[in-house]
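Visitor: The structure's right below; bear with me while I get my questions together.
The values are calculated or read from the model by the stated rules, or taken from the named source; none is laboratory data. Since the model is a prediction, treat every value here as computed from it, not as a measurement. So basically every Cβ, Gly included, is an ideal-geometry build from the backbone, and we count neighbours across all protein chains shown. For the accessible areas, the whole protein counts, side chains as well, though only heavy atoms, and no ligand, DNA or RNA atoms are used. Shrake-Rupley method; radii C 1.70, N 1.55, O 1.52, S 1.80 Å.
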Amino acid sequence: MLSVRNLAKHFIIHSRGSVVIPGFAGVSFDVPAGSLIAITGPSGTGKSSLLKCVYRTYIPSAGEIIYTAKDGSRVNLAAAEDWDILSLRRGEISCVSQFLRVMPRVSALQTLIEPLTSRGAGREEALDRAACLLSRAGIGEALWDMYPATFSGGEKQRLNILHAIITKPRLLLLDEPTASLDKGFKDRIMEMILDLKTEGTAMIGVFHDRDTLLALSDLRYDLVRGAYCDPADQDPADRNPKEAEKKANR
Ligand SMILES: Nc1ncnc2c1ncn2[C@@H]1O[C@H](COP(=O)(O)OP(=O)(O)OP(=O)(O)O)[C@@H](O)[C@H]1O
Ligand SMILES: [Mg+2]
């Protein structure tokens, strides 16, 4: 469903004398429908930037991101018009960002039903689906009419994930989606992600812990090696921060 080819991103900081900050380079991998590719690498190697390039928050510096859309057309997300990107985000591509963003003065329930009603779903149907997801994620009814700005970090994170998955996107980008959740809630969210994968959603994920990575991913692509790795194959950098630093500086 998605083919990333020779993708690169660097940042030119014009306000600092055009200094160039490297992101990542030479990244190539494929994401078939119904599978999850985990992206790994030490902090600062460009995992979030890669997801942002696929979601087109960032424009890549080089390479292609070929996405096969629902209607069968092939779109290069690296070069598509903003208008087409917005339409894909509305219809088939969702992203859970590493840092949480919530709508001010919109209730949790309304935050969730909006993506459905704006795509033409009836209000009752949207309410049913939102209620079902909120319950599965362990967000109590007392909170449904509250503003998410007052939610705890973990509650915000769960709502953020529900907002991305409620429309059953075809392509889902996950940047450390369960980082602030304890085991019980993490398991619930992982189950929902696995259900979506079974229904055919293609996913790219960044995970802060090995258990989540192993439970969810089919393949691992390591940004430092620039190659696929077995998810279970533990990188020495994961065990040894000094090794990670050495690799990051290579
Ligand atoms: N908008 C930006 N402007 C300038 N530099 C940026 C920008 N976004 C990312 N970078 C730089 O790109 C590099 C990669 O950052 P990125 O956030 O993608 O890393 P990461 O692998 O996700 O790290 P972490 O594991 O800490 O989340 C960093 O050096 C970062 O400072
Ligand atoms: Mg990151």
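Visitor: Just for region 176-203: of the residues that are within 16 Å of ligand 1 (Cβ to nearest atom) and open to solvent by 10 Å² or more (accessible area, probe 1.4 Å), which one is farthest from D233 (Cα to Cα)? Give the derivation first.
Guide: Keep residues of region 176-203 that are within 16 Å of ligand 1 (Cβ to nearest atom), which gives 176-180.
From the residues that got through so far, the ones that are open to solvent by 10 Å² or more (accessible area, probe 1.4 Å) too are 176, 179-180.
Numbers: E176: 20, A179: 22, S180: 25 Å.
Checking each candidate, the answer is S180.
Visitor: Let me ask another. Quick one: in region 1-21, which of the residues that are in contact (Cβ under 8 Å) with a residue 24 or more places away in the chain and open to solvent by 70 Å² or more (accessible area, probe 1.4 Å) is farthest from R225 (Cα to Cα)?
Guide: Looking at residues that are in contact (Cβ under 8 Å) with a residue 24 or more places away in the chain and open to solvent by 70 Å² or more (accessible area, probe 1.4 Å), I get H10.
Visitor: Among the residues of region 121-131, count how many are open to solvent by less than 70 Å² (accessible area, probe 1.4 Å) and assigned to a helix (DSSP H, G or I).
Guide: 5
Visitor: Which condition does F99 not pass, out of (1) more than 16 Å from ligand 1 (Cβ to nearest atom); (2) surrounded by fewer than 14 Cβ atoms within 10 Å (Cβ to Cβ), if it passes all the others?
Guide: (1)
Visitor: Does region 185-203 hold any residues that are in contact with a strand residue (DSSP E or B) (Cβ under 8 Å, 6 or more places away or on another chain) and of a type outside the set (V, I, T), and which are they?
Guide: Answer for region 185-203, where residues must be in contact with a strand residue (DSSP E or B) (Cβ under 8 Å, 6 or more places away or on another chain) and of a type outside the set (V, I, T): L196, K197, A202, M203.
Visitor: Based on what the data block shows, is R90 away from ligand 1 (no atom under 12 Å from the Cβ), surrounded by 16 or more Cβ atoms within 10 Å (Cβ to Cβ), of a type in the set (D, E, K, R) and within 29 Å of I166 (Cα to Cα)? Before you say what the answer is, go through the steps one by one.
Guide: Details: away from ligand 1 (no atom under 12 Å from the Cβ): yes; surrounded by 16 or more Cβ atoms within 10 Å (Cβ to Cβ): no; of a type in the set (D, E, K, R): yes; within 29 Å of I166 (Cα to Cα): yes.
Against the criterion (away from ligand 1 (no atom under 12 Å from the Cβ), surrounded by 16 or more Cβ atoms within 10 Å (Cβ to Cβ), of a type in the set (D, E, K, R) and within 29 Å of I166 (Cα to Cα)), R90 does not qualify.
Visitor: A further question on this structure: Does region 29-45 include one or more residues that are out of contact with any helix residue (DSSP H, G or I) (no Cβ under 7 Å at 6 or more places or on another chain), open to solvent by 30 Å² or more (accessible area, probe 1.4 Å) and within 16 Å of ligand 2 (Cβ to nearest atom)?
Guide: yes
Visitor: Let me ask something else. For region 204-222, give me each residue that is of a type in the set (A, V, I, L, M), in contact with a strand residue (DSSP E or B) (Cβ under 6 Å, 6 or more places away or on another chain) and open to solvent by 20 Å² or more (accessible area, probe 1.4 Å).
Guide: L219
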